[in-house]
1. What tally of residues in the range 25-80 results from selecting those that are without any contact (Cβ under 8 Å) to a residue 60 or more places away in the chain and touching a helix residue (DSSP H, G or I) at 6+ places or on another chain (Cβ under 7 Å)?
2. Considering every residue within the range 252-268, establish whether at least one is in contact with a helix residue (DSSP H, G or I) (Cβ under 6 Å, 6 or more places away or on another chain) and at pLDDT below 55.
3. In this structure, does residue 90 turn out to be at pLDDT 75 or above and either under 20 Å from residue 159 (Cβ atoms) or in contact with a strand residue (DSSP E or B) (Cβ under 9 Å, 6 or more places away or on another chain) (or both)?
4. Which of the helices (runs of 4 or more DSSP H) found entirely inside the range 1-73 contain at least 1 residues meeting this: under 26 Å from residue 254 (Cβ atoms)?
5. Within the range 231-251, count every residue that is farther than 21 Å from residue 57 by Cβ and touching a helix residue (DSSP H, G or I) at 6+ places or on another chain (Cβ under 6 Å).
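The values are calculated or read from the model by the stated rules, or taken from the named source; none is laboratory data. Remember, it's a predicted structure, so these values are computed and weren't measured experimentally. So basically every Cβ, Gly included, is an ideal-geometry build from the backbone, and we count neighbours across all protein chains shown.
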């Protein structure tokens with residue numbers, strides 16, 4: 001289909017919306033511990049959905065993976081898996097960043113750092129940064145990355161201002177009873193750096209995508225799906241890390257029985273005094289103390305699975321957008337991250353995370369949002385110049 005940066009930006013926006021939205025179903029999960037619903041959503045996001053969609057869109061997808069694995073000169077699968085496992089550490093702590101900072105600020109700080117590292121380190125590593133610096137289109141793209149980072153800094157300032165202004169009661173009303181700016185910033189920094197390794201995994205898996213593209217064209221299908229097999233391998237690595245940590249927490253907290261209906265602690269929209277979710281716990285109903293009702297338990301599985309499926313679609317559309325960006329497809333990472341922060345900020349406004357803050361704080365949030373939108377347009381324009 002060829003290069004089309006405008007369509008690529010649209011795909012990245014859709015992927016960003018999916019990523020920013022995947023935490024919403026978690027709000028419907030009742031009295032499950034974090035490690036329980038995180039493992040359920042992870043299995044849906046990192047194992048089931050990538051395999052199913054790649055199988056549907058890419059001919060002989062498992063044959064492609066076997067071919068790459070059998071090639072003694074190729075280390076694509078091993079490196080893609082390794083980077084995925086390192087990225088998984090960022091995914092683990094990313095959930096905590098959202099818990100401590102809220103959706104809007106947690107996404108902004110973690111993904112801001114993820115943007116800078118994930119965008120710039122790959123071209124620095126392979127040496128293409130020199131070409132980028134000496135071409136007008138490349139300079140415009142890097143300017144767009146800079147605008148994105150500035151926007152993230154403004155969002156961080158807004159979060160610090162918010163922390164000083166709103167009361168504990170207002171934080172609880174917005175679902176942020178665990179809000180902690182200092183702890184959240186530390187976790188978000190680590191999550192952002194480690195999460196950037198996903199971009200490295202996609203680059204390491206490029207030989208897989210090249211073979212998939214050949215197969216797609218040979219079968220008269222769109223090469224838009226060429227990166228779906230890479231996602232399978234990278235996400236296997238991410239799932240391994242998350243599975244190990246979730247299993248450790250399940251054993252430590254003895255929460256394995258929650259899979260069958262024993263109530264647990266849900267850190268999102270939860271009460272500190274009882275550890276029970278505010279939207280589900282009824283102190284006048286003794287039946288809510290001991291076990292989850294079958295319908296509630298089934299709903300928990302559904303909500304967690306939906307969260308995982310929505311999460312995967314961020315990279316489903318990212319992989320398509322990347323194929324449309326042309327030579328400087330490294331900029332896809334900036335577009336993706338900026339889009340996530342844009343929609344996360346909008347969700348934060350919808351859920352009144354900034355309710356009760358001053359006009360100055362709201363102005364900072366609005367300015368950050370406008371700059372983020374501008375950064376995606378600047379990066380898209382730079383790719384358009386290069387494509388033409």
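1. Here the count works out to 2.
2. Looking through the range 252-268, at least one residue is in contact with a helix residue (DSSP H, G or I) (Cβ under 6 Å, 6 or more places away or on another chain) and at pLDDT below 55.
3. Criteria met by residue 90.
4. Hits in the range 1-73: 34-43.
5. So the count comes out to 8.
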